[in-house]
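Here is the structure we will look at.
The values are calculated or read from the model by the stated rules, or taken from the named source; none is laboratory data. This is a predicted model, so every value here is computed, not measured. Virtual Cβ from ideal backbone geometry, glycine too; neighbours counted across all protein chains shown. Ligands, DNA and RNA are stripped out before the accessible areas are found, and what is left, the full protein with its side chains, is counted by its heavy atoms. Shrake-Rupley method; radii C 1.70, N 1.55, O 1.52, S 1.80 Å.
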Amino acid sequence: MNKGLLAATIISISYSSAVFASESCDDTALNGYMESIKSEIGLLSSDVKSGNNTSASHRVDTVISYFKKSRNEIPYKFSAEKLQGNKLEEQKAEYIKVVDDTIVILEKLEKALESDDMTQVKSLFGQIGAQRKLGHGSFKANC
Ligand code: HEM
């Protein structure tokens with residue numbers, strides 16, 4: 001094998017094993033669920049703006065189901081920072097708590113939409129935005 005071909009082979013092997021051995025930052029199942037949450041919330045807010053609260057409340061159910069899936073995942077940041085032992089367990093528990101609190105807010109949003117309580121809907125949207133900020137500030141890797 002000539003030197004150039006050998007080098008190309010080594011590069012391609014190490015590249016592919018790096019890709020398959022570990023997930024990259026934007027390639028996680030959690031990221032996929034989050035992207036779905038983002039688009040569903042976008043559609044949900046359009047529904048609310050056009051007065052379609054019934055459709056919006058169904059979308060809240062979908063968002064909750066993605067958060068339930070997200071609850072079973074571990075943020076990429078924890079492995080990027082090589083967290084282990086107690087520290088890892090603490091961070092996992094905190095992450096689950098923020099997800100659970102978010103689900104409780106979404107359940108309230110669903111009830112508010114069903115009873116057309118728009119003052120409450122607005123306030124709950126604000127609370128969901130705050131959970132997003134908290135969740136990303138604490139658990140999203142900087143990459
Ligand atoms: C409810 C509103 C939320 C929306 C719309 C949302 C949206 C997103 C989006 C679009 C991403 C992909 C990366 C990016 O573009 O920034 C992402 C990533 C991420 N989000 Fe959220 N998010 C929300 C709430 C949360 C909450 C409450 C948590 C934590 C409890 C959380 C934790 C994360 C983490 C950890 C990542 C990085 C993915 C990974 O580590 O694999 N997000 N989010």
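Is it true that ILE103 is surrounded by 11 or more Cβ atoms within 10 Å (Cβ to Cβ) and in contact with a Lys or Arg (Cβ under 9 Å, 6 or more places away or on another chain)?
On the way: surrounded by 11 or more Cβ atoms within 10 Å (Cβ to Cβ): yes; in contact with a Lys or Arg (Cβ under 9 Å, 6 or more places away or on another chain): yes.
Yes: the conditions hold for ILE103.
Looking only at residues of the range 119-141 that are touching a residue at least 40 places away in the same chain (Cβ under 8 Å) and open to solvent by 30 Å² or more (accessible area, probe 1.4 Å), we find that the one that is nearest to the ligand (Cβ to nearest atom) is LYS140.
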